[in-house]
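Read through the structure below, which is laid out as structure tokens, and then see the notes.
Nothing in this text is a laboratory measurement; each read-out follows from the coordinates by a stated rule. In this text the structure is predicted, and so the values were computed from the model without any measurement. Neighbour counts are summed over all protein chains in view; Cβ atoms, including those assigned to glycine, are modelled from backbone coordinates with ideal geometry.
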Amino acid sequence: MRKLAAGNWKMNGTGADLAEVAALRAAHPSPAVDILICPPATLLSRLSQAAGPAIASGGQDCHAAASGAHTGDISAAMLIDAGASYVILGHSERRADHRETDAVVAAKCQAAWAAGLTAVVCVGETEAQRDAGQTLGAIGAQLAGSIPEGAGPDTLVVAYEPVWAIGTGRVPSPEQIAEVHDFLRAELTARLGPRTASGIRLLYGGSVKPDNAAGIFAVSNVDGALVGGASLKAADFSAIVTALEDAPV
């Protein structure tokens, strides 16, 4: 399994910011891990060209339909056409801001697979759910409901993003991260079998920065990170990539 450092630019970035991609590419011409950047849709085609073969590009969402009267939406095939090989699905901001349910995420996941994209499916608990002792129950329900049948290492990445840690600077303890990632691996193993489940990469996301990345990557069953703000600057994201390259196998 090659580990994965994924950057989610969210609603940030213009053409001028592609210079950061060029700098990241120069810093990691032959990375020992996979690198992925998911920019706004307006930049996807240009970023795919600027990134070169060492950096993959992806979308931040896709529609469940292949085409049709869905103003403002983007299909999985359109992402492929723009150079994407991945798509983020079920991010907590989509679940909260756009009321996306597990069923909606699963339908989008099927569409992504049909087009040839690898889906990065996000799960995570709110602060209220954690305080109520519902973390594993909430995450287990999201995992079961958001991932269709037929998942495998080439089609699925799972990202654990505690909602209360995204953009707040707060990071769960190593023990808390390990509890969730070990749980995710066990749930995938029970559903898919040990051989398939062992190859699916589990990412941690939520205020990952250069100064905490090494500690996060030392946690069991953490196979990389889904990085938000720190992925916007080449220097910060490069340091995270390097920490992942240096992490224990």
Length gained when the stretch T196-D154 is fully extended (0.36 nm per residue, less Cα-Cα span):
14.1 nm
Most mobile listed residue (A119, A197, A69) in the chain, GNM with C-alpha springs under 10 Å
A69
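Looking at the chain, how many pairs of lysines come closer than 19 Å at the Cα, when each pair is eight or more places apart or spans two chains?
On the way: K3/K209; K10/K108; K10/K209; K10/K233; K209/K233.
Counting lysine pairs in the chain gives 5.
What's the FRET efficiency of A114 with E179 using the Cβ-Cβ distance as r and R₀ = 30 Å, to the nearest 0.05? Each step should come with its number before you reach the end.
Details: r = 34 Å, r/R0 = 1.14.
Efficiency computed from Cβ-Cβ geometry: 0.30.
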Describe numerically, in nm with one decimal, the distance between label points set 7 Å from Cα along Cα→Cβ at D97 and at M11.
0.4 nm
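How large is the translational diffusion coefficient of the stretch 142-207 in µm² per second when you combine the Kirkwood radius over alpha carbon pairs with Stokes-Einstein at 37 °C and 0.692 mPa s?
Working: Rh = 12.6 Å.
In µm²/s, the coefficient is 261.
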Contour minus Cα-Cα span, A66 to L136, at 0.36 nm per residue, comes to 21.8 nm
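Hey, fewest Cβ within 10 Å first, where do M1, M78 land in order? If you can, show how the numbers build up before the last one.
Details: M1 12, M78 18.
So the ranking, lowest neighbour count to highest, is M1, M78.
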Chain lengthening between A214 and A186 when straightened (0.36 nm per residue, less Cα-Cα):
7.7 nm
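Size of the dipole of the chain about the Cα centre, Lys and Arg at +1 and Asp and Glu at -1 on the beta carbon, nothing else charged, in debye to 20? If you can, show how the numbers build up before the last one.
Values: 17 positive and 25 negative charges, 67 e Å.
Charge dipole of the chain: 320 debye, to the nearest 20.
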